[in-house]
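All remarks here apply to the structure that follows.
Every number here is computed from the coordinates shown, using simple stated rules; none is lab data. All of these numbers come straight from a predicted model, not from anything done at the bench. A quick note on method: Cβ atoms are made from the backbone with ideal geometry, for glycine too, and the neighbour counts reach across all protein chains shown.
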Amino acid sequence: MNRWIFYLFGILLLTAGCPPAYTAEPAAGKTQNLAEYSAAVEDQYIIGPEDILDIFVWKEEAVTKTVPVRIDGKISLPLVNDIQAAGLTPLQLKEVIAEKLKNYIENPTVTVTVIEANSYKIFITGEVRNPGVMRIRSQTTLLRVITSVGGFTEWANKRSILIITTDEKGEEKRMTVNYNRIVNGKDPDPVINRGDTIVVR
C-alpha cells in the first residue's frame with residue numbers, strides 16, 4: 001500500500017511542472033496581426049458597381065444604410081443623395097460621406113464596410129478544370145488564377161493562353177502568353193485585373 005502511495009505521489013510531482021498541452025486563448029500578438037491584415041485588405045479594396053456596402057453612421061439610424069453600388073458607380077444616402085463610390089476605397093468613401101454629412105450632423109462618425117464584393121470578377125473559359133466566373137478581392141496573377149480553378153485539363157495548350165483586358169479608355173486589348181515560360185521564370189507572371197477574361201485553348 002505504501003509503495004502505491006509513493007508511486008502516485010511521484011507521478012503528481014512530475015506532472016505538476018509540465019505546461020498544459022493546449023490553450024484555448026490565441027496569442028495576443030497574433031490576434032492583433034490578423035486584425036491589422038484584415039484592415040489593410042479592406043482599405044486597399046477598390047469599390048465597384050454591384051458591390052453591397054454597409055454605411056454605418058454612429059447614433060444616426062436614419063442615415064445608416066446597406067446600399068448597392070449602382071451601375072453608374074454611385075450610391076444613394078439620406079440627406080446627401082447621390083455619392084460617387086466606384087473607384088474609391090472604403091476609407092476614402094468614408095471620408096467623402098463624413099465631409100458631406102457635416103452640413104447636417106455635428107462631427108459624424110462613419111464606417112464603410114464592403115459586405116458583398118461583387119464587382120471584382122474575372123472570367124476564365126476553355127481547357128481548365130473549373131471554368132466560369134471567379135470573384136477576387138484585388139488584382140491577382142495568371143498563375144494564381146490557374147491554381148484557383150484547379151489547373152488545366154489534359155487537352156490544354158499551355159503555350160498559348162489568351163488574356164483579354166480593357167484599358168482605362170475602354171479599349172479592348174489581347175495578349176497571348178506561354179504558361180510554361182512563366183512557370184520557368186523566363187516570362188513575367190501577367191497581372192489579372194477586374195473584368196479580365198482568360199481563354200485557355
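Structural remarks
- Annotation note: chymotrypsin sites (Phe, Trp or Tyr not before Pro) in region 111-171 located in DSSP loop regions with a Cβ neighbour count of at most 12 within 10 Å are TRP155.
- Backbone geometry of region 184-198 corresponds, through the Karplus equation with coefficients 6.51, -1.76 and 1.60 at θ = phi - 60°, to 3J(HN,Hα) couplings of 7, x, 7, 10, x, 7, x, 7, 10, 10, 3, x, 5, 10, 10 Hz, x marking Gly and Pro.
- The tail of the calculated P(r) for region 42-116 beyond 14 Å holds 54 percent of all Cα-Cα pairs.
- For the pair VAL67 and ARG181, label points projected 7 Å from Cα toward Cβ lie 4.8 nm apart.
- With the simple model of a label 7 Å out from the Cα in the direction of the Cβ, GLN84 to ARG201 spans 3.9 nm.
- When only alpha carbons of region 38-192 are considered, Rg and Dmax amount to 19.8, 64 Å.
- Between the listed residues THR109, THR89, ILE47, the Cα displaced farthest toward the positive end of the dipole of region 42-116, a dipole computed from Cβ unit charges relative to the Cα centre, is found at THR109.
- Taking every alpha-carbon pair in region 121-200 and binning the separations at 10 Å intervals from zero gives 19, 56, 24, 1 percent.
- With neighbour counts taken as other beta-carbon atoms within 10 Å, the residues ASP51, ASP189 rank, fewest first, as ASP189, ASP51.
- Least to most buried among ILE46, ILE97 (fewest other Cβ within 10 Å first): ILE46, ILE97
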